[in-house]
Amino acid sequence: MSLTIVRLYHDLLGTYGDQGNAEILVYRAKARSIEVELIEVTPGMAVPRSGDIYLLGGGEDGPQSAALEMLKTDGGLNYAAAGGAAVLAICAGFQIIGESLPDANGQVTSGLGLVDAHTTYDSSPRSVGELVIEPSRGELPMLTGFENHQGLTQLGEEMTPLGRVRAGVGNGFDEHEGVWHGNVFGSYMHGPALARNPELADVVLRCAVGPLTEFIDPFAIAFANERRTTLA
């Protein structure tokens with residue numbers, strides 16, 4: 001069994017250590033004897049269309065707008081997602097995969113449209129701090145992360161949030177945090193999210209490779225549980 005993970009524009013969308021999500025997926029896949037190729041896509045490179053998992057991270061307004069325009073022009077991520085590839089998009093990446101968001105000048109621009117989500121900015125204080133969410137699907141325990149964003153993201157009626165906010169702000173509407181639509185995941189959780197929530201990492205892996213053999217990582221479990229216990 002083999003797996004191809006595509007990390008998109010880490011130079012632009014790697015402000016908060018979200019590149020670590022790739023390392024977690026690689027580690028947990030290899031622990032199950034899955035052969036993994038990690039492809040690093042930098043600005044100007046074509047986005048591979050045959051990847052299994054695509055990762056987007058957080059970034060400032062200018063880099064976010066640059067990444068969005070390159071992804072629109074390239075079309076590779078949309079093509080792969082339409083074919084069933086898994087996508088994990090964090091913070092700025094989450095906003096990018098929606099229908100609309102502000103550009104670097106604050107003007108509304110279209111996103112990639114992988115999910116029905118619309119991001120706006122208002123005069124609310126910036127959302128900064130620990131984030132705790134109760135997952136929308138029962139196979140996951142409580143999820144934790146660290147949020148740092150100005151945007152507020154409203155999901156369309158047909159969209160399922162990743163979870164419901166128990167502490168923090170999240171999307172800023174209806175106590176929702178993130179989105180979970182098919183094989184596409186979006187969230188404001190930094191941390192990196194998959195380091196703090198190894199069970200979520202396995203959900204993303206299953207979207208790409210199917211059922212997984214059991215793997216117990218005591219250190220990852222202890223770290224995740226410490227965050228959950230402390231923040232609860």
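Read the figures in this text as sums done on the coordinates, not as results from a lab. On a predicted model such as this, the values are computed, not experimentally measured, just so you know. Cβ atoms come from the backbone with ideal geometry, glycine included; neighbour counts cover every protein chain shown.
Please work out which option in (1) 14.4; (2) 11.4; (3) 12.3 gives mean projected area of the Cα convex hull in nm² calculated from these coordinates, and answer with its label.
Answer label, from the structure shown: (2).
In Å, what is the Rg of the alpha-carbon atoms in segment 85-209, and how long is Dmax?
Answer for segment 85-209, Rg first and Dmax second: 13.4, 43 Å.
Run the simple label-point estimate for LEU231 and ASP116 please: 7 Å along Cα→C-beta, distance reported in nm.
Simple spin-label model gives 2.8 nm for this pair.
Once you keep just the Cα pairs under 8 angstrom separated by 6 or more residues, what percentage relative contact order results for the chain?
Working: 524 pairs, mean separation 46.1, N = 232.
That works out to 20 percent.
Cut-off is 10 Å between beta-carbons; in what order do PHE219, PHE185, PHE146 appear when sorted fewest neighbours first? Walk me through the numbers before you get to the answer.
Values: PHE219 8, PHE185 23, PHE146 19.
Going from least to most buried by this count: PHE219, PHE146, PHE185.
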